[in-house]
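Novice: I am attaching a structure below and will ask some questions about it afterwards.
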Amino acid sequence: MVESQPNFFIPESIHGVSTDLAAQVQMIWDVIKAPLVVPMLNVAVVICLVMALMLFCERLYMGIVIILVKLFWKKPEQRYKFEPIQDDVEVGSSNFPVVLIQIPMFNEKEVYKVSIGAACGLSWPSDRLVIQVLDDSTDPAIKQLVEMECQRWASKGLNITYQIRENRTGYKAGALKEGLKRSYVKHCEYVAIFDADFRPEPDFLRRAIPFLVGNPDIALVQARWRFVNADECLLTRMQEMSLDYHFTVEQEVGSATHAFFGFNGTAGVWRIAAINEAGGWKDRTTVEDMDLAVRASLRGWKFIYLGDLQAKSELPSTLRAFRFQQHRWSCGPANLFRKMVMEIVKNKKVRFWKKVYVIYSFFFVRKIIAHMVTFFFYCVVLPLTILVPEVHVPIWGAVYIPSVITILNSVGTPRSIHLLFYWILFENVMSLHRTKATLIGLFEAGRVNEWVVTEKLGDSVNNNKKDAAKKTNVKAPKKRSKIIERLNLLELGFAVFLFICGCYDFVHGKNNYFIYLFLQTISFSIVGFGYVGTIV
């Protein structure tokens, strides 16, 4: 009996009959496209459009609120009880609270003098100031240099202590926690934290501390970062644009509306009682600063962001350092969200809408959705729809929404508006790295607890990279010659994928997406070959 032939069949060529390879691949594609590829891609488009709308609504909300804040909100000095602490000859310095300065360090040869000198130069009574240098360095020569610098300032009458540990347990969080345990800081009421490359102005404490003194429900005063090497190269300009939006909009809105904003890990002053009540420093994620801020907020403490209180700092000027930093900044929040979401939901000390804001707006949209929609939609799904013309992406999702989001993001750095288009391409490239880190954090995969200290080149003292290289005896040109060490294969792979999609759209497409795809290919290639940090 002859069996009936099925309607759905696999061509004989697959079983070994010699056929043209291209025709064979085309047959397989025709077989699986309609029943499998098209439905899956349609679902992916819908999911990405929903995420894009979520991010669009978030950015629009932030934009509206920041306009209202700038036009109608009172300044922090008017919204809170603020009375400058005056010098009084009769009572001496007794009306000044005792403040602890913590400076965590790790092999900071290029910048240790900057941070120590800035801390010692603060205009605060020396008998009411305790400076603590927390050195986790592994290089004995650097440890000796830092210790000698501390001794030099101590000989001038400053209360400065050089503190080391036997191991780096907990990294920065462990060092800060250990520092607060010392008996000589028990009488301190507040603690100001500055990373090794930060340089606060002399009046920093005089402008920040009165907010804590006059408002007992405030736990943190966060200052804005300013970047001394923003003009060094294109990489630093791109970082400035992203971070300026964070400070100008996200931090300002969270502070003005009493919603929530995270501690940035440095250039902030904490009430030590609030740190202790929140459970102290924890090293369960790579964003110990955000962890502490969330826990303190859940206990009813409030935070203030002061946009006009600034501290100078340095941006990573090498792609390698920037990638490590972005991995930590993307992986850590996702992992913290995983660990704390139920704790936030069950908390009874904060109102319902604040919990919604923290879970949905702060964590879910900004720390997870923002990375994923940028990568999956604009770097994966949209290019794939070119190869599958049966799948349609509405123009509002492909063009209008990302355009509005980009314009809203640009308000933080108006001086770089001419770089906006390249910033979009660069952010799309980095979204690959950030999405990978976010997924690692959500699922607690391999590199979830990776902590690589951001490399600093001393540009806060000298913006000339050649001079910095000479000081450190680093032979930069020789290092750059090792091309294989600069390659980022994942980015190069996506460059090839986007180039193929662009060529296909150029020949067969109707939407002219190939212009964007070719430009994005160039951006992925630049990062893939590791040259973005050298473009001025």
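The values are calculated or read from the model by the stated rules, or taken from the named source; none is laboratory data. This structure is a prediction, so every number in the text was calculated from the model and none was measured. We place every Cβ from the backbone using ideal geometry, glycine too, and count neighbours over all the protein chains shown. For the accessible areas, the whole protein counts, side chains as well, though only heavy atoms, and no ligand, DNA or RNA atoms are used. Shrake-Rupley method; radii C 1.70, N 1.55, O 1.52, S 1.80 Å.
Novice: Once the Cα gyration tensor of the range 488-536 is found, what semi-axes does its equivalent ellipsoid get, as square roots of 5 times the eigenvalues, in whole Å, sorted largest first?
Specialist: Values for the range 488-536, descending: 23, 11, 5 Å.
Novice: Just reorder I522, I424, I401 by solvent-accessible area, largest first, 1.4 Å probe, all chains present.
Specialist: These residues rank, largest area first, as I522, I424, I401.
Novice: Straight distance only, please: which aspartates and glutamates reach the Cα of K510 with their own Cα at less than 13 Å, same-chain residues fewer than 8 apart left out?
Specialist: By straight Cα distance, K510 reaches E390.
Novice: Turning to a different aspect of this structure: How much net charge surrounds W29 when only the other residues with a Cβ under 15 Å from the Cβ of W29 are counted, with Lys and Arg +1 and Asp and Glu -1?
Specialist: Once all neighbours under 15 Å are counted, the net charge is -2.
Novice: So how far apart, in nm, are the two label points at W29 and F421 if each is 7 Å from Cα heading toward Cβ?
Specialist: Output for this residue pair reads 3.0 nm.
Novice: To check you understand DSSP bridge types, tell me what percent of the beta bridges within the chain (both residues inside) are antiparallel, rounded to 5.
Specialist: Among the beta bridges of the chain, antiparallel pairing accounts for roughly 30 percent.
Novice: I would also like to ask the following. What are the residues whose amide H is under 5 Å from the amide H of L309, where those residues sit 5 or more places off or on another chain and H is modelled from the backbone?
Specialist: It is R224, by chain and number.
Novice: Turning to a different aspect of this structure: Using only the alpha carbon atoms of the range 77-161, find the Kirkwood hydrodynamic radius as the inverse mean reciprocal pair distance, in angstroms to one decimal.
Specialist: With all distinct Cα pairs of the range 77-161 included, I get 14.5 Å.
Novice: Below 8 Å between Cα atoms, with a sequence gap of 6+, how large is the relative contact order for the chain in percent?
Specialist: Relative contact order comes out at 18 percent.
Novice: When only C-alpha pairs under 8 Å and at least 6 residues apart count, what is the relative contact order of the range 175-298, in percent?
Specialist: It comes to 33 percent, rounded to a whole number.
Novice: Taking the square root of 5 times each eigenvalue of the Cα gyration tensor, what semi-axes in Å does the equivalent ellipsoid of the range 367-436 have, largest first?
Specialist: Rounded to whole Å, the semi-axes are 23, 15, 10.
Novice: If you don't mind, there's one more thing I want to ask. Using Cα positions and a limit of under 19 Å, work out the aspartates and glutamates in reach of K348, with same-chain residues fewer than 8 apart set aside.
Specialist: D217, E277, D291
Novice: Also, I was wondering about something else. Any chance you could run the full-extension gain for W396 through E444? It's 0.36 nm times the residue separation minus the Cα-Cα distance, nm to one decimal.
Specialist: The span from W396 to E444 would gain 13.7 nm if fully extended.
Novice: Relative to the compact-globule scaling 2.2 N^0.38 Å, provide the ratio for the alpha-carbon radius of gyration of the range 148-279.
Specialist: Against the compact-globule rule of thumb, the ratio is 1.20.
Novice: Just the projected area, averaged over all directions, of the convex hull on the alpha carbon atoms of the range 191-240: how many nm²?
Specialist: 4.5
Novice: At 1.4 Å probe size, what's the solvent-accessible area of M148? Round to the nearest 10 Å².
Specialist: Probe radius 1.4 Å; accessible area of M148 about 110 Å².
Novice: Hey, can you find the accessible area per residue of the range 224-280 for me, probe 1.4 Å, expressed in square angstrom?
Specialist: So the range 224-280 comes to 21 Å² accessible per residue, rounded to a whole number.
Novice: 7 Å from Cα along Cα→Cβ at both L53 and W329: what's the point-to-point distance in nm?
Specialist: 3.0
Novice: Calculate, for the range 372-441, the solvent-accessible area per residue in square angstrom, rolling a 1.4 angstrom probe over the heavy atoms of the protein chains.
Specialist: On a per-residue basis, the range 372-441 sits at 37 Å².
Novice: Can you tell me the length gained on complete extension of the stretch T257 to H508, counting 0.36 nm per residue apart and subtracting the Cα distance?
Specialist: Between T257 and H508, full extension yields 85.3 nm more.
Novice: Further question on the same structure: For the range 127-191, with the dipole built from +1 on Lys and Arg beta-carbon atoms and -1 on Asp and Glu ones, taken about the Cα centre, which of V146, A173, L134 lies farthest toward the positive end?
Specialist: A173
Novice: Additional query: Excluding same-chain residues fewer than 8 positions from K75, which aspartates and glutamates have a Cα within less than 16 Å of its Cα?
Specialist: Reachable aspartates and glutamates: E83, E252, D308.
Novice: Taking θ as phi - 60°, what are the ³J(HN,Hα) couplings along the range 123-129 by the Karplus curve (6.51, -1.76, 1.60), each to the nearest whole Hz, with x for Gly and Pro?
Specialist: Each residue's phi maps through the Karplus curve to give 7, 9, x, 4, 7, 10, 10 Hz.
Novice: Using only alpha-carbon positions, what ratio does the radius of gyration of the chain give when scaled by 2.2 N^0.38 Å?
Specialist: Dividing the Cα Rg of the chain by 2.2 N^0.38 Å gives 1.11.
Novice: Where the accessible area of the chain is counted over protein heavy atoms with a 1.4 Å probe, how much of it, in %, is carbon and sulfur?
Specialist: 61
Novice: Using only protein heavy atoms and a 1.4 Å probe, report how much of D231 is accessible, in Å² to the nearest 10.
Specialist: D231 has an accessible surface of roughly 100 Å² with all protein chains in place.
Novice: Separate question: With +1 on the Cβ of every Lys and Arg and -1 on the Cβ of every Asp and Glu, and nothing else charged, how large is the dipole of the range 39-140 about its Cα centre, in debye rounded to the nearest 20?
Specialist: 720
Novice: A further question follows. Taking the Cα-to-Cβ direction at F352 and at H187 and moving 7 Å from each Cα, how far apart do the two end points lie in nm?
Specialist: 5.0
Novice: Turning to a different aspect of this structure: How much of the pair distance distribution for the range 222-358 lies past 28 Å, counting alpha-carbon pairs only, in percent?
Specialist: 19
Novice: Take the alpha-carbon positions of the range 278-405, form their convex hull, and give its projected area averaged over all directions (one quarter of the hull surface) in nm².
Specialist: Result: a mean projected hull area of 11.7 nm².
Novice: For the range 81-113 and the range 117-194, what is the separation of their Cα centres, given in Å?
Specialist: Between the Cα centre of the range 81-113 and that of the range 117-194, the gap is 12 Å.
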